[in-house]
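Below is one structure, written out as structure tokens; the observations come after it.
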């Protein structure tokens, strides 16, 4: 008998096998990954925002909100996930140079807390330029906040003597009576033709002392997009013979779609009454 074959057989190798395959090392057994806690409360914040530097908008503003929420000490959903990003939702973006009087944000908590405790935790810790005005509890199963916004209400204050109030009032009346308002917008290297009229829900004008106030309700449409106040002011400027200068723009509030209340469960019948008629005997 060939002694080399005997040695291979003794080592557990096939007679033709000349090398061994290293055994697979199993990964060390560690504790199971912790499951993120479910949200049990949803709070809607009403926030006043001052105009901010455009450099602080976009991702910088999002990062500022996340840092502020992490510091507030509330049991926010998402903090136990990788990256520790608190779960929040913004109703509708707001241009950096525009003041917002009642911007809406949703946050979710993993523990039920009273309103006063949530308010105290957030009141002094929002990003710079943001002030908490109010907050209220909303149903956890309610639709996503951005999808509920159907319109924005803006106020443009025109200081004298930048515009003649009479000409401005006539231009507002013309826009309100118009069936369509064809306009052209530049987007990147393209020019887009669009109709501004469907995006205007309401347009009004009034005097506030020496200043003229233009009030605009502009629609948010899933297909057409969002009505923009600068486009309305541009249309007014075209009709009055020049740009609307010296204008302070404020978003007063957001209009949300009517949210149906959750259907209450039907009352349970007492035991022993199933199948019986509720009508009195005839």
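For the range 208-225, give me the residue count where each residue is in contact (Cβ under 8 Å) with a residue 12 or more places away in the chain, exposed (fewer than 15 other Cβ atoms within 10 Å of the Cβ) and more than 25 Å from the chain's Cα centre (by Cα). Let's see the steps before the verdict.
At the first step, the residues of the range 208-225 found to be in contact (Cβ under 8 Å) with a residue 12 or more places away in the chain are 208, 210-221, 224-225.
The next check asks that each one be exposed (fewer than 15 other Cβ atoms within 10 Å of the Cβ); those that pass are 208, 210, 221, 224-225.
Subsequent filtering for residues that are more than 25 Å from the chain's Cα centre (by Cα) retains 208, 210.
Within the range 208-225, residues that are in contact (Cβ under 8 Å) with a residue 12 or more places away in the chain, exposed (fewer than 15 other Cβ atoms within 10 Å of the Cβ) and more than 25 Å from the chain's Cα centre (by Cα) number 2.
Against the numbered list (1) in the same structural domain as residue 244 (by TED's automatic domain parsing); (2) farther than 19 Å from residue 248 by Cα; (3) surrounded by 12 or more Cβ atoms within 10 Å (Cβ to Cβ), residue 205 comes up short only at (2).
Just one of the numbered conditions (1) under 25 Å from residue 93 (Cβ atoms); (2) at pLDDT 90 or above; (3) in contact with a helix residue (DSSP H, G or I) (Cβ under 8 Å, 6 or more places away or on another chain) is not true of residue 244: (2).
Checking the structure you have, find out if any residue of the range 215-228 is out of contact with any helix residue (DSSP H, G or I) (no Cβ under 7 Å at 6 or more places or on another chain), modelled with pLDDT under 95 and farther than 26 Å from residue 147 by Cα. No, the conditions are met nowhere in the range 215-228.
Taking the range 129-196 as the region of interest, the strands (runs of 3 or more DSSP E) fully inside it that hold 2 or more residues being at pLDDT below 95 and loosely packed, with under 13 Cβ neighbours inside 10 Å are 182-187, 190-195. Is there a residue being modelled with pLDDT under 95, surrounded by fewer than 18 Cβ atoms within 10 Å (Cβ to Cβ), over 15 Å from the mean Cα position of the chain (by Cα) and part of a loop (DSSP other than H, G, I, E, B) anywhere in the range 107-120? Within the range 107-120 (the criterion being modelled with pLDDT under 95, surrounded by fewer than 18 Cβ atoms within 10 Å (Cβ to Cβ), over 15 Å from the mean Cα position of the chain (by Cα) and part of a loop (DSSP other than H, G, I, E, B)), the answer is no, since none of the residues qualifies.
The values are calculated or read from the model by the stated rules, or taken from the named source; none is laboratory data. Just so it is clear, the structure is predicted and the values come from calculations on it, not from any experiment. Ideal geometry is used to build each Cβ from the backbone, glycine not excepted, and the neighbour counts take in all protein chains shown.
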